[in-house]
């Protein structure tokens, strides 16, 4: 593991356990067993470090979700495939999920960084756009429909990670079908 990767990994763990604002660069450097000069050599500001970690995780998410994806399949099959892969990833990688949630919903994070990260999954936008064009997904703003879908499905992931519920593979299928039913025209 390179020093940069070590810094990113320690940042991920600290941010998830302590929060974005309660994690100073000095603590990240200490956890990564590096000096402040080294950390600032890679990341001149905490904002750049957080953005880099966010983009790294969004690339990882996109790569895992897109593995085996076939954009020639019908809209419903693509919808189910993408959401299933996303839920599986977030259930298997709780630190990634918790960081991405914390980063995305933090009011102090640069909105442009959030937007750039969302571009890694433009294929999801395309599924909803295609569904609306075929009149099989209800009309309305695509981002709102994605928010509607992700709100319910990712809330289940949060409840799973908080040990309030346990999500099985069968549950994933059922709730994705329920999300589809909520969106379909």
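Each residue in the range 62-92 was checked for being without any contact (Cβ under 8 Å) to a residue 40 or more places away in the chain and within 18 Å of the chain's Cα centre (by Cα), and 7 of them qualify.
When residue 1 is tested against (1) within 16 Å of residue 106 (Cα to Cα); (2) at pLDDT below 90, just one condition goes unmet, and that condition is (1). Scan the range 44-61 for residues that are in contact (Cβ under 8 Å) with a residue 60 or more places away in the chain and under 15 Å from residue 121 (Cβ atoms) and the total you get is 5. Scanning the range 28-54 for residues that are at negative phi, exposed (fewer than 15 other Cβ atoms within 10 Å of the Cβ) and either touching a helix residue (DSSP H, G or I) at 6+ places or on another chain (Cβ under 6 Å) or not in a helix (DSSP H, G or I) (or both) yields 35, 36, 44, 45. Those helices (runs of 4 or more DSSP H) of the range 58-169 in which at least 3 residues are over 26 Å from residue 48 (Cα atoms) and modelled with pLDDT of 95 or more, considering only elements entirely within it, cover 75-92, 122-133, 142-161. Scanning the range 4-27 for residues that are part of a helix (DSSP H, G or I), surrounded by 14 or more Cβ atoms within 10 Å (Cβ to Cβ) and without any contact (Cβ under 8 Å) to a residue 60 or more places away in the chain yields 4, 6, 7, 8, 9, 10, 11, 14, 25, 27.
The values are calculated or read from the model by the stated rules, or taken from the named source; none is laboratory data. Quick caveat: nothing in here was measured; it's all calculated off a predicted structure. Reconstructed Cβ throughout: ideal geometry from the backbone, glycine too, with neighbour counts over all protein chains shown.
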